[in-house]
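Encoded as structure tokens, the structure appears first; notes follow it.
The values are calculated or read from the model by the stated rules, or taken from the named source; none is laboratory data. Since the model is a prediction, treat every value here as computed from it, not as a measurement. Backbone-built Cβ (ideal geometry, glycine too); neighbour counts: all protein chains shown. All accessible areas refer to the heavy atoms of the entire protein, side chains included, with ligands and DNA or RNA removed. Shrake-Rupley method; radii C 1.70, N 1.55, O 1.52, S 1.80 Å.
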Amino acid sequence: MHRPFLSVVHVAALCFCLHLAADPTPGAAPPPARNRQEVEAVLAQAPQAPPTNELRPLELVLVANRKDHGFEEHDYPLWMERWKVLLGGKKAGAGQVNLYGPASAEGPPPGAPKVTVQMAQDWPTPEQWSRADLVVAFFGTGGIWNEAKLRDLKAFLDRGGGFVAVHSATIAEQPHARPLAELIGLAWEGGYTLFRHGRVDLKITAREHPICKGLPPQLRFLDETYWPLVGDASRIDLLATADEKAKDSGRLQPEPMFWTYSAGKGRVYSTILGHYTWTFDDPYFRILLLRGMAWAAGESPYRFDPLVLCGARVTDEQQADTSIPAAAPVAPDPQDPNLLLWLDSEDQATLTVSPEGRVSSWENKAAWVGRKLTISGTQTPLFVAKALGGHPALRFDGTDDVLRDMAFGQSAQTWSLALVVTPRSNAGSSQFHALLATNRPGQQDFQSGLNLDLGGSGTTQFDTLNLEGVKHQGGAGNLRTESAPFGEGQIILLAVDNERARLWINGREEDSRSAGDAVTAMDEVRVGGRFFWGREGGYFHGDISEVLLYKAQLTDAQRAGLYAYLLEKYGSGIQPPAVHTLEEAWDYLPRYDWGLPRRRLAVVDEAIRNSQQDAPSYKIVEPRLVEVLLNPAATPAAKDFACRRLAIIGSAASVPALAGLLGDEKLSNMACFALEGIPDPAAQDALCQALRSLPAERRTDVIQSLGNRRAQTAVPDLVRLLTGETPAHRRAAAAALGKIGGPAAAEALTAALANAPSADRATLADSCLMCAEQFRTAGRKAEALVLYQRLRAADMSRTTQMAAMRGMLSVHATAGAPVPHAQERAAQSPGPGR
């Protein structure tokens, strides 16, 4: 793979993540706690774990090394100590189980039945490797993997062990990254993989996978992502992704965050998330990690579900309304010692305006600072007498207009900013057109001061507001969750302390990002432009009516009073927070793209909820979604959105449009997902036809969907694929046949198992177990026993043999027959490799 030249900046960024004494991500603060009832509803959708008397004993080894990052980051020893108690209960040790904050008594007591937990500092001992059923690794970045450790892991997987790689355990340097990827599916490679701290919108891409059962299609975390990873992505089973910017094009694209992987006889589960301590207390992250651990151990994925809420960060309260409340207007006080900058276009005595209407200076009304912002040469904004709500404003042309004070000479550790602006366009082109920026002389604003801009990509609406600066890590971060047409007035309020930066626009709180305790340099200040990479640029196109900058946090009452003052002053030109209609959503949806605000599409979901209660309403919603699928101008993101909703309310009327997407590289997965959810037989017929007609590279999603639908009519076609030349098709067909079950599927799977390549054996064995279980629950005990006996053969992995043995015991127990002594001994024996 081509390796791009690494600049000094890239090397420095890489070192930040890899060095053993890394600085903390400054001031990161945890996201809000999850709602308890919502988490309980997710858990209720999953099958119950097997009863205790049917569980086999499990030996777990938790692997960690010394902490290598800052406060609340990469705390491997704390995780090992706390999760030893979470999994092992009181017998494993005393103390709390949550990693973040004081001890929590939330949920049931810790401890999973029949689980023994050992801890390994730096690396498991040979004895621990020999006895372990499951090894879970969360350890230090950079250089931890070497040839000896890779050999240990390979031997463990070859004998059928389960391994879980958490976050930085996926990191290796170039000599070892690709060998590691061969063992765990994908890996970080030093000098190539990027990272980012901040908001992570996790998309569950395999919602029917047992690990993901019941989870919402998208979950928001505050953590760290790694991308791109090395390894053969076609060999993993991808469970969840997050959108990150591609290294080559800079466009957002999905990157793997959670996956399963079969390595020899062993099973591997990996998660990229896990940077911060609070992530391990997030119940949704726990669902994904605990189920992945159970899956890797060859157990029911739900074996550890009872531990999800133990000490978790949950609340019984719904998310509060954080809009700015109504209040009496309070005008700014120019004598306020915290007021650093007050620019007021209505106070014409503060402006120097030429006869042509060009502004050459704007006086600061903050008495404790004074001074003026001035122009250079012809970089002069235009004075517009009646702009926003009939009030004056300064119009910046987006080409070179800027006002600056090169000797402002201030700084602030916490600060508040209010602006009244009318953005008029955003050409993007990596210019990050800025409303306001500050910096230390000669240093970049985003590294020494602050910059508030419209983002680096061109936009057709005001849907991006990027806040960066010395108090923030992780690059650009869009704080907008809403959008508005260019040309509308906006009251923007920012509050930045040592933990969070919060944004309100026209009274409604939007997004936030973490903030550290660094001091923001304000030696130089620019309005309508910024300073980066040794030059001035990023000029704003739009009107600026008023600017207020405080070197302190405003109280809630002060913020409300200031907002009321600005709203009263400019009110006739300020649009209230939008209440979107369904027709507006249909107009917006075809041009919706990933990364753009989705709030205006919420009315579509509301209509779908209503349609579930009122069946005739399907006739209103479904055709409009189909229109999007058939619209050649609609974006892939819009069609993805439509597919997800048609999976809920789609009927036979949606099938032709969805079938037309099955050959589309970007949309086949979601078209299959939608067809899975449509109960009409026409959906199954479309999938079967696609399996026969699509090119090979487009069939895998179709195979998986036929399995999820339990499509008996597809069995002959799937059986033929069991001996195909493509490993991905063989494994997908085997998994689908296991879900479908029945005599024909069982016979074909058993025959394929006899001569299967080693890479296919785990999937075939799992599918045979699924067929056997279906026979057992249907009362067809003889057919179940035949399969269980085959899976107890010496050439099968230890986890498969044990699962087959438990199945046989269950058949005998159901039949009321005594369990033979030989079977008892086999069930209690440690199995091969122990």
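General remarks:
- A cut-off under 11 angstrom between Cβ atoms defines the neighbours of GLY456, and their net charge, with Lys, Arg +1 and Asp, Glu -1, is -1.
- Seen against the Cα atoms of the chain and their longest principal axis, helix 798-815 is set at about 60 degrees.
- Backbone N within segment 740-767 under 15 Å of label point (7 Å from ASP795 Cα along the Cβ vector): 749-765
- A simple count of charges around MET293, restricted to other residues whose Cβ falls under 12 Å of its Cβ and scoring Lys, Arg +1 and Asp, Glu -1, yields +1.
- Ligands, DNA and RNA are left out, and with a 1.4 angstrom probe the accessible area of segment 259-375 is 36 Å² per residue.
- Placing R0 at 30 angstrom, the Cβ-Cβ distance between ARG131 and ASN53 gives a FRET efficiency of 0.85 after rounding to 0.05.
- Solvent-accessible area per residue for segment 70-142 (1.4 angstrom probe, square angstrom): 41
- Dipole magnitude for the chain: computed about the Cα centre from +1 point charges on Lys and Arg Cβ and -1 point charges on Asp and Glu Cβ, it is near 2720 debye.
- Dipole of the chain, positive end: most advanced residue of LEU493, TRP533, ALA418 [Cβ charges, Cα centre]: TRP533
- All other residues whose Cβ lies under 9 angstrom from that of ALA804 are scored, Lys and Arg at +1 and Asp and Glu at -1, for a net of +3.
- Once the Cα atoms are used to define both axes, helix 174-184 deviates from the longest principal axis of the chain by about 50 degrees.
- Placing R0 at 25 angstrom, the Cβ-Cβ distance between LYS666 and GLU38 gives a FRET efficiency of 0.25 after rounding to 0.05.
- C-alpha center-to-center spacing [segment 756-804, segment 436-468] in angstrom: 59
- Each peptide in 168-178, 293-303 receives the mean, over its residues, of other Cβ atoms within 10 Å, and ordering these scores from highest gives 293-303, 168-178.
- Contour excess over end-to-end distance, with Cα ends at ALA728 and ALA751 and 0.36 nm allotted per residue: 6.4 nm
- Each peptide in 529-541, 43-55, 261-273 gets a packing score, the mean of other Cβ atoms within 10 Å over its residues, and the list from highest to lowest is 261-273, 529-541, 43-55.
- Reachable lysines from LYS739, criterion Cα separation under 27 angstrom, eight or more residues apart if same chain: LYS203, LYS213, LYS265, LYS666, LYS781
- Residue separation of ASN631 and THR116 scaled by 0.36 nm, minus their Cα-Cα distance, works out to 179.7 nm of gained length.
- Rounded to 10°, Cα long-axis angle of helix 668-677 versus longest principal axis of the chain: 70
- Taking a ≥ b ≥ c as the square roots of the eigenvalues of the Cα gyration tensor, segment 416-537 is oblate, since a/c reaches 1.5 or more and a/b is not larger than b/c.
- Ordering of 556-569, 431-444 by packing is 431-444, 556-569, highest average first (other Cβ atoms within 10 Å, averaged per residue).
- Nearby aspartates and glutamates by direct alpha-carbon distance to LYS154 (threshold 15 angstrom, same-chain neighbours under 8 apart not counted): ASP133, GLU182
- Here the label points at GLN174 and GLU346, each 7 Å from Cα along the C-beta direction, are separated by 6.2 nm in the simple model.
- Taking every alpha-carbon pair under 8 Å whose residues sit at least 6 apart, segment 75-234 reaches a relative contact order of 15 percent.
- Chain lengthening between LYS91 and ASN146 when straightened (0.36 nm per residue, less Cα-Cα): 16.4 nm
- Cα gyration tensor shape of the chain, rounded if a/c is under 1.5, else prolate or oblate by comparing a/b with b/c: prolate
- For segment 388-454, the solvent-accessible area with a 1.4 angstrom probe is 29 square angstrom per residue.
- With R₀ fixed at 25 Å, the C-beta to C-beta distance from GLU697 to SER758 puts the FRET efficiency at about 0.55.
- Shape call, segment 168-272: gyration tensor on alpha carbons, a/c limit 1.5: oblate
- The portion of the accessible surface of the chain made up by carbon and sulfur, rounded to a whole percent, is 54 (1.4 Å probe; DNA, RNA and ligands excluded).
- Taking every alpha-carbon pair under 8 Å whose residues sit at least 6 apart, the chain reaches a relative contact order of 10 percent.
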